[in-house]
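Peer 1: The structure's right below; bear with me while I get my questions together.
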Amino acid sequence: MNVTNDSPNDEACARTREQLSAIADGELSTSAEIARHVERCAECAEFAAQCAVLSSSFAPLRELDPPPHVAAHVWTRIEERLAHGRTVPPRTRHAWRARIGSALAGMAASIALAFTAERLCDARSNAVRGEAERALNVLARVARDGDDLRSLDARPERQLVRAHLARTEKTR
Amino acid sequence: MDPDRDSEHELVERLRAGDVRALEETYRRHGARIYRVCRYVLGSAADAEDAVQEVFLKVFERARQFEGTSRLSTWLHRIAVNHCLNFLERERVRRATRLDDGENELACPRSTLPIDVAGATESKQRLESLLARLPTEHRSVLVLREIEGQSYRDIAETLSIPVGTVMSRLARAREKLARFIGRPRAAAQESVNGEHKP
């Protein structure tokens, strides 16, 4: 492969593309060397064209302003947090969604809890009973905290609950 | 005399003195731009709302540390981008430590969800989704350049990196974005693979 400065190769192409990108931003002037490279390298020529297209495609994103009610809400929260200290969480709509999500996860865990309790009553062997009791404790904690099963920190706990629920599903 | 500069100097002095109305004025002048940066670096409107709160609270707490060697807007952008990058890193670590392989499919971050980019009808949404698939360091420079219109020098100052690094990251970001647009499936694949190159 030819490795002169203005001939296409990985290194020359990488450098030329940095320059083409800067030219598209008006941060660099073009040069004879760049022009020669682009003339010989179809990929870099295509990149130069793409830079211009990409830049114009960002135009709609530049127009984004937060909706007035959001801007006002954010400032209200800033004032509240200044008054009550940084320990107060942001509590945006996102946080409310998370709470609803947690509540739904808690409900799901409660349903699983009911099935597990039923299974516990039917358990005949001590091994199955022990597993069911441990799974029941984990699920009770998840339901109490309104948490999601995915948030369980310990992998054995997750595996225990999964294995137990899978077995419960099979025998139902 | 530059009246804008004088007005900014006065605003900074009031911020340093702990004047909440000065913070409100700063939010009124710069809030929308900071929201945009957070929105596109984080890829989520809800996270951006939280981030804007944090940024302006930090501005108020750290106003005394602002030496005035850069413009107020550059300092605000620096706090915003650093906050967003730290937030994304914390989220990445949190997910990596809490989830095993079987759960990643359920709870992978928004930026790696395998959505059908080619099927998106709205070009703005499509561009947003592709932007979210870039590595964070590439996304940050692209947002500051293409959305905020910052010069390379300002971006370098905002991110505390050399101008040459701004130039190379922008070129890499554009190459990736152009490749994603040409081959939408590559976008999802590269982000799933966690490609992070300078």
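Peer 1: Rg(Cα) of segment B:22-96 divided by 2.2 N^0.38 Å?
Peer 2: This ratio for segment B:22-96 stands at 1.10.
Peer 1: Treat the count of other C-beta atoms within 10 Å as a stand-in for reagent exposure and order B:VAL52, B:VAL163, A:VAL53 from fewest to most.
Peer 2: Sorted ascending by nearby Cβ count, the order is A:VAL53, B:VAL163, B:VAL52.
Peer 1: With Cβ to Cβ distances under 12 Å as the rule, what net charge do the other residues near B:TYR40 carry (K, R +1; D, E -1)?
Peer 2: +3
Peer 1: Compute the distance from the alpha-carbon center of segment B:47-89 to that of segment A:10-59, in whole Å.
Peer 2: 33
Peer 1: Expressed as a fraction of 2.2 N^0.38 Å, the rule-of-thumb size for a compact globular protein of N residues, what is the C-alpha radius of gyration of segment B:18-59?
Peer 2: So segment B:18-59 has a normalised radius of gyration of 1.14.
Peer 1: Would you mind ranking A:TRP75, B:TRP75 by Cβ crowding within 10 Å, fewest neighbours first?
Peer 2: A:TRP75, B:TRP75
FYI, it's all coordinate maths here, none of it is from the lab. The structure displayed is predicted, hence computed values, not measured ones. FYI the Cβ positions are ideal-geometry reconstructions off the backbone, even for glycines, and counts take in every protein chain you see.
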